[in-house]
1. When the Cα atoms of the chain are enclosed in a convex hull and the volume is divided per residue, what value in Å³ results?
2. Does the stretch 42-94 classify as rounded, prolate or oblate by the C-alpha gyration tensor (a ≥ b ≥ c root eigenvalues; a/c under 1.5 gives rounded; else a/b over b/c gives prolate, otherwise oblate)?
3. Identify, among T68, G46, V25, the residue whose Cα sits farthest towards the positive end of the charge dipole of the chain, taking +1 on the Cβ of Lys and Arg and -1 on the Cβ of Asp and Glu, with the dipole about the Cα centre.
4. Any idea what the dipole of the stretch 1-40 comes to, in debye rounded to 20, about its Cα centre with Lys/Arg Cβ at +1 and Asp/Glu Cβ at -1?
Amino acid sequence: MTKQDLIELVSRRCDVTKLSAREMVETVFAGIQESLAKGERVSLVGFGAFEVRERAPRKGRNPKTGETMPIEASRTPFFLPSQHLRDVVKGRSR
């Protein structure tokens, strides 16, 4: 499913224009992004949780030259699916 597919689904199910549905979807995504940028956890009951994980600095290797090089610490988004979502994907919907 693409973002456009999601917009069309919201438009049909909520009986709103595609423009309104696009604004709704964009607003939800923007809210998630803003919260993650602040380091906050976003929990969607029955779906899962988004959070930011800190990655420690480490040593890597240049695959072309084999030279060891430092890799800086970083922050990366992480998604943890809920048990309900895992069950639905496995075909064991409750």
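We did not get these values from a lab; they are worked out from the coordinates using the rules stated. These figures come from a predicted structure and were not determined experimentally. No Cβ is skipped: glycine too gets one built from the backbone with ideal geometry, and neighbour counts run over all protein chains shown.
1. Details: hull volume 16.0 nm³, N = 94.
It is 170 Å³ per residue.
2. On the way: a/c = 6.81, a/b = 2.47, b/c = 2.75.
Judged from the Cα gyration tensor, the stretch 42-94 comes out oblate (a/c at least 1.5, b/c at or above a/b).
3. T68
4. Working: 6 positive and 7 negative charges, 21 e Å.
Charge dipole, the stretch 1-40, about its Cα centre: 100 debye, nearest 20.
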